[in-house]
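Here's the structure we're looking at; comments come further down.
The values are calculated or read from the model by the stated rules, or taken from the named source; none is laboratory data. This structure is a prediction, so every number in the text was calculated from the model and none was measured. For neighbour counting, all protein chains shown are included, and Cβ atoms are generated from backbone atoms with ideal geometry for every residue, glycine included.
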């Protein structure tokens with residue numbers, strides 16, 4: 001049984017004041033859920049030749065219309081992601097159209113499909129940045145994660161082409177059981193190529209479609225809490241930041257003893273996420289059915305001005321949630337949020353033991369406990 005309740009907004013003048021603080025600056029757009037790789041940990045990917053998924057993808061005209069609505073509301077920046085966005089044969093047309101509308105563009109790609117046409121496009125019309133994920137520093141590890149023979153060579157070729165062209169590239173890595181033994185080498189690979197930016201993420205969340213078989217694979221790739229902490233301790237820059245920000249990460253002021261609102265983050269305040277099929281979400285992982293609408297059916301302004309406050313006002317009467325997560329001072333060390341709770345448990349106020357264990361292990365580490 002769901003413990004989430006829907007509360008009417010009684011004070012419209014208060015809502016207007018809150019809306020003033022909700023200026024739209026940016027939006028993320030999954031151009032497709034399809035991908036040419038098949039990563040063990042991926043939360044969204046569908047096969048590259050998935051005809052049903054392809055048929056649901058927004059057309060370039062629909063994309064342009066939604067972009068116009070977003071710009072009218074104040075949007076300045078758009079992230080193009082996927083799946084693998086370069087799988088779309090009309091990617092260049094979409095990119096140019098959004099550029100001509102005045103949007104700053106970023107692109108997330110695995111770089112395996114980069115060709116000379118993409119290099120020419122990005123050189124003439126530079127993106128704000130392109131972010132590429134490094135799944136391994138060797139072909140053996142990279143292709144164990146992606147399950148595609150020959151993918152590592154294509155990745156290196158595409159990445160080097162971007163860097164050789166002087167295009168700004170950010171690199172990131174997901175820490176998995178399948179590549180944990182190479183994390184030092186992955187970091188060295190990344191930092192050799194990008195002096196200004198490299199990051200890794202040691203926590204995985206589950207599938208948007210909640211596919212049980214794929215979720216079992218993701219769970220098998222998750223690091224144990226002690227492995228997460230050991231990995232973070234080994235990165236002097238990352239762990240130094242945790243130590244420096246300890247008073248801001250562990251803080252009793254984060255507890256909300258008498259408040260049953262689910263959302264205390266900034267989701268839906270200045271950005272939104274758009275699915276490949278037109279699904280509007282307050283943020284990338286928020287896929288609970290009661291928190292989404294489709295922009296093929298609802299104008300963006302209505303979604304932004306009416307639906308977002310409705311979602312942000314969702315509350316819980318779940319005693320377990322109210323006496324655990326809601327009263328926890330470690331919220332900024334934890335991946336728990338209503339979006340991830342729904343992915344993990346099927347409830348926006350679900351309790352997530354794995355994230356909790358990681359948060360407490362991190363807290364012990366930065367407080368100097370062995």
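Table for the structure above
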{"item": "Subset of segment 110-149 [within 16 Å of residue 189 (Cα to Cα), touching a strand residue (DSSP E or B) at 6+ places or on another chain (Cβ under 8 Å) and not in a strand (DSSP E or B)]", "result": "110, 111, 134, 135"}
{"item": "Candidates 137, 120, 188, 151, filtered to the one that is under 21 Å from residue 84 (Cα atoms) and surrounded by fewer than 18 Cβ atoms within 10 Å (Cβ to Cβ)", "result": "120"}
{"item": "Unmet requirement for residue 265, which otherwise passes all of (1) at pLDDT 95 or above; (2) closer than 29 Å to residue 75 by Cα; (3) out of contact with any strand residue (DSSP E or B) (no Cβ under 6 Å at 6 or more places or on another chain)", "result": "(1)"}
{"item": "Residue in segment 227-238 that is part of a strand (DSSP E or B) and outside the structural domain of residue 353 (by TED's automatic domain parsing) present", "result": "no"}
{"item": "From the options 123, 133, 81, 112, residue that is in contact with a helix residue (DSSP H, G or I) (Cβ under 8 Å, 6 or more places away or on another chain) and in the same structural domain as residue 168 (by TED's automatic domain parsing)", "result": "112"}
{"item": "Boolean, residue 350 is in contact with a helix residue (DSSP H, G or I) (Cβ under 7 Å, 6 or more places away or on another chain) and under 24 Å from residue 228 (Cβ atoms)", "result": "yes"}
